[in-house]
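The values are calculated or read from the model by the stated rules, or taken from the named source; none is laboratory data. Not measured: the values here are computed from a predicted model. A quick note on method: Cβ atoms are made from the backbone with ideal geometry, for glycine too, and the neighbour counts reach across all protein chains shown. The protein model used for the area step is the full one, side chains on, heavy atoms only, and it has no ligands, DNA or RNA in it. Shrake-Rupley method; radii C 1.70, N 1.55, O 1.52, S 1.80 Å.
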Amino acid sequence: MRMEASMLVHTVLLLLGGCWALPQDIRIVGMFHKDVDDLQDEAFRCAVDRLNEEQKLLPGSRLLPELVYVPAHDSYTAGKLVCNRTQSGITAVFGPQSADCKGVVSSICGLVRLPNLQTSWDVSADSHSPGTLNLHPHPDLLAQAVFDVVKYLEWKTFAVIYQRHDGLMRLQEVFKSLDKWMVTSVYQLAEDGDYRVMFKTLSKSSQTHMLIDCDTNLIQEVLSQARDVNMLGDYENYLFTSLDAHTLDYIDFQPFMTNITFLRMISPSSVEMQAAMRDWNTRGCRPVSAENMKVAPSLMYDAVSMFAISLIRADASEPIESQSLSCARPQPWVHGEHVNRYMKMFKFLGLSGEVSFDALSGRRKDITLEVMEVSHAKLRKIGNWTMHGGITQEKDYGAQVSQEAKQMMRNKTFIIASKIGKPYLDWKNRSASGNDRFEGFSLDLIDAVAKFCHFKAYEFKIVQDNQHGKLNTETGQWNGIMGEVISRRADMGICDLTITYSRGSAVDFSAPFMNLGISILFTKPTKDPPEMFSFFFPFSFDVWVYMATAFLGVSLVLFVLCRITPHEWDNPNPMDDNPEELENTFNLLNCLWFSIGSIMAQGCDLLPRAVSTRMAAGMWWFFALIITSSYTANLAAFLTNSRMDDTIGSVEDLAAQTKVKFGSLRGGATAQFFEASNYTVYQRISAMMKQTKPDVFTSSNQEGVDRVVKERGKYAFFMESISIEYETERNCELMPINGLLDSKGYGIALPFNSPYRTFVSEAILKLSETGKIKDIKDKWWLVKDGTGCSELLQQKEEENADELTMANVGGVFLVLMVGCCAAFIVAILEMLWNCRKIAVEEKITPWEALLSELKFAVNLSQTTKPNRKKKSEKSNSSADSSVSGSDLVAASRK
Ligand code: GLU
């Protein structure tokens, strides 16, 4: 409509100006190829008919078209035909399309300054003659658009497939702009039409992204052969450079969620296209729908309109007349330059969008391309591409894609790659079928995710090598679960799969479902058996010696002070005010007794009275206070805490010794962590692990744990904290050493650009927020029958488990027993001494005296003991002694 309006205004202006001098018949030539059925001749005819019929644009004149057909590869005939026509006074040549012919036509037109409007680019004949205008966007511009699409789609690596060499040349700008490593391989479509071998190779190399430059009519065949070799799944991505890919029918590929992307120049819904199509179909031209309109006929249609309008404009400023031109004696058309200039200045909205040219290069500028994708056989617009603005995504595109993926999930059976390894996945019943064969954390987690996301079903698949996944730098292949996911033999990979940088560049990870770090698994240090005399440990031997010395010294000082000071000498008989003798209670024995009583915190019935002795006593008490409190404070710790063999306390300790060997899981994230680290200690650890013989790497975590237990104290195993938690819950002999060396997480691996990643991540986040993941973890980690180490430890703590055993305090009992025995021996000695005295005093035999004393001692009914000394004194003083030793003996006999 806008085009029509502008044309009308322009015509009116021209009529008012009255300065048009165009010939009545404006002769133009359209050069086409019979063997190429691209509707260009139809478009040419239709456009001319329309202009002639409407007459608004060319009042008084009409376009006289001549359609010339030349074989596509016959440049000689093409040149000859053009030269023939120039003599009849033509004003422009449209076409041809073939690379072989257009060069010669362009040169002839350039020679005689005749406008030549072309609609296709041939990279090999890029140089354009003056007078030739190409409405097709330049390949460099298309390459820029392709590059932007690759970036927008976040392709990390891709394979390039081309049909002809000119395709590769077209793409060279893409190669130049991208990093070299992004293009992993380049293939040419086989001439015999069998592309399956190529796709099989691509499948083996796990390449899922393909950039294909081929003719539009080959696209369906390429896709169907890709489908034959399973290269048309949910994770494959195809980007076609053809601008006509939208005209194809993708119904055969409906069930696949493969990403098929391309650029579209022709917008079927544009106002210009709708108007042109209405006109086209009423004009008796070969019917075609707006959706099936290709670039070439659209450009031809636009070219004719553009030429006509430019001619009118040019005529307004300089009356145009046609001229017979000869190729033999070339003479330029006098208006040629002028008309050309007007064409380049011209700007209008055609079927191929805004038609405008760069004045210098003569290439089309300000082109808008639509980025399209095929979704279940239907076309969907991702967004618009412009040279300066890049890609602008359609508003509702994201929501549509997400909705579609959700729908797909409900109909999909997901293959979940995993490995056997407790507690993540283990055999439950090998003879069962499907998922009933397994049990473990991974199974429960996927089950919860599946319920949340409404998967149709899921099926566990155990990887052959039972590995997590490591890149083989020589072959570039990943093994284990990673390999399965990358090759898309599995839709997800789950186990204790650590999210690492290198893995993240090969697959997509969900949000982490567990957080962890590397730690060292080691056996708990052995406790020394409790010692009988451990109550001596609070003080060192020196302190004991010094204390004993101090005790003797203080007792001695006290004794001397008491003898010196007058205040310690006291009246022994309170009834006698003036005694002949004074008595000092602090003899040496009592001084010792006083000192020992104080330091034992028992006190003593004897107390000093003089200032000097009190000062000495005070100081001793202060000493005793500090010493006894220190002893008491230390005693408990020494009795309960057995001394531990703590040679390994950190990773640095490990690196600095050779006695304890250490290792990790072979090819796991832990080994890779040490290998890739820049920290000197970790580099040393990695080097030591590699050099140690016999091999310190294990093929599973379980093997590592068994080795730690078996080689008790001689082997430490680097392991992830979550797995250590599981082991230390079951084996109380094991413990982690000194915190975490790093911080990372376990995630579910999905193929690159998996449409399901967002949903799986959402599920993980939701499940962890609601505590479901913790529940599942507790279910598989904790031992519920009360034999779990954490529970035992708790019980121990509750019961104050550090109580002292006989082994701890046995020595004290021994001291008591020895003390009692010593006291008993002293008592016997005292008794013997006393018997000797009695025998002398009472003139009886010592044996009799001993017998009488023993009898008295065992006769518990006798609670008082006669004072034999008193009696003997009495008997000595009275003449007739009434009580004698023999009497006492007799009495004792009774
Ligand atoms: N979780 C590790 C991985 O994904 C395996 C265990 C380890 O290396 O400690 O490779």
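Per-residue answers, yes or no, for (1) open to solvent by 40 Å² or more (accessible area, probe 1.4 Å); (2) farther than 17 Å from Arg113 by Cα; (3) assigned to a loop (DSSP other than H, G, I, E, B):
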{"position": "Pro330", "(1), (2), (3)": "yes, no, yes"}
{"position": "His338", "(1), (2), (3)": "no, no, no"}
{"position": "Glu354", "(1), (2), (3)": "yes, yes, no"}
{"position": "Asp366", "(1), (2), (3)": "yes, yes, yes"}
{"position": "His388", "(1), (2), (3)": "yes, yes, yes"}
{"position": "Gly398", "(1), (2), (3)": "no, yes, no"}
Task: helices (runs of 4 or more DSSP H) fully within segment 164-277 counting 3 or more residues that are within 33 Å of the chain's Cα centre (by Cα) and modelled with pLDDT of 90 or more - done: 196-204
Task: Selection count where residues are within 23 Å of the chain's Cα centre (by Cα) and free of Cβ contacts under 8 Å to residues at least 60 places away in the same chain, scope segment 447-464 - done: 6
Task: Residue check, Leu311 open to solvent by less than 50 Å² (accessible area, probe 1.4 Å), under 16 Å from Arg27 (Cβ atoms) and either modelled with pLDDT of 85 or more or assigned to a helix (DSSP H, G or I) (or both) - done: yes
Open item on the list: Being on the phi < 0 side of the Ramachandran plot and either at pLDDT below 85 or in a strand (DSSP E or B) (or both) narrows it down to one residue among Glu291, Glu373; which is it?
Closed with: Glu373
Open item on the list: Name the residue that is nearest to the ligand (Cβ to nearest atom), counting only residues in segment 643-694 that are assigned to a strand (DSSP E or B) and surrounded by 12 or more Cβ atoms within 10 Å (Cβ to Cβ).
Closed with: Leu665
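Every residue, every condition in (1) surrounded by fewer than 16 Cβ atoms within 10 Å (Cβ to Cβ); (2) over 52 Å from the mean Cα position of the chain (by Cα); (3) farther than 28 Å from Lys766 by Cα, yes or no:
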{"position": "Tyr501", "(1), (2), (3)": "yes, no, no"}
{"position": "Val507", "(1), (2), (3)": "no, no, no"}
{"position": "Pro512", "(1), (2), (3)": "no, no, no"}
{"position": "Lys527", "(1), (2), (3)": "yes, no, yes"}
{"position": "Glu531", "(1), (2), (3)": "no, no, yes"}
{"position": "Phe535", "(1), (2), (3)": "no, yes, yes"}
{"position": "Thr549", "(1), (2), (3)": "yes, yes, yes"}
{"position": "Leu556", "(1), (2), (3)": "yes, yes, yes"}
{"position": "Phe559", "(1), (2), (3)": "no, yes, yes"}
Task: When residues of segment 514-525 are limited to those that are surrounded by fewer than 21 Cβ atoms within 10 Å (Cβ to Cβ), over 16 Å from the mean Cα position of the chain (by Cα) and not basic (Lys, Arg), the one farthest from the ligand (Cβ to nearest atom) - done: Pro525
TODO: Hand me the list of strands (runs of 3 or more DSSP E) wholly inside segment 26-144 holding 1 or more residues that are at pLDDT below 90, open to solvent by 10 Å² or more (accessible area, probe 1.4 Å) and not charged (D, E, K, R).
DONE: 132-134
TODO: Six or more apart or on different chains, Cβ under 9 Å: which pairs go from a residue in segment 651-667 that's over 18 Å from Ser677 (Cα atoms) to one that's within 14 Å of the ligand (Cβ to nearest atom) and outside any helix (DSSP H, G or I)? Could you list them?
DONE: Val660/Ala716; Lys661/Val696; Lys661/Ala716
- [ ] Need at least 2 residues that are more than 15 Å from the ligand (Cβ to nearest atom), free of Cβ contacts under 8 Å to residues at least 12 places away in the same chain and open to solvent by 60 Å² or more (accessible area, probe 1.4 Å) per element, so show me which strands (runs of 3 or more DSSP E) inside segment 695-805 make the cut, counting only ones lying wholly within it.
- [x] none
Open item on the list: Looking only at segment 483-499, count every residue that is within 10 Å of the chain's Cα centre (by Cα) and away from the ligand (no atom under 15 Å from the Cβ) and tell me the total.
Closed with: 0
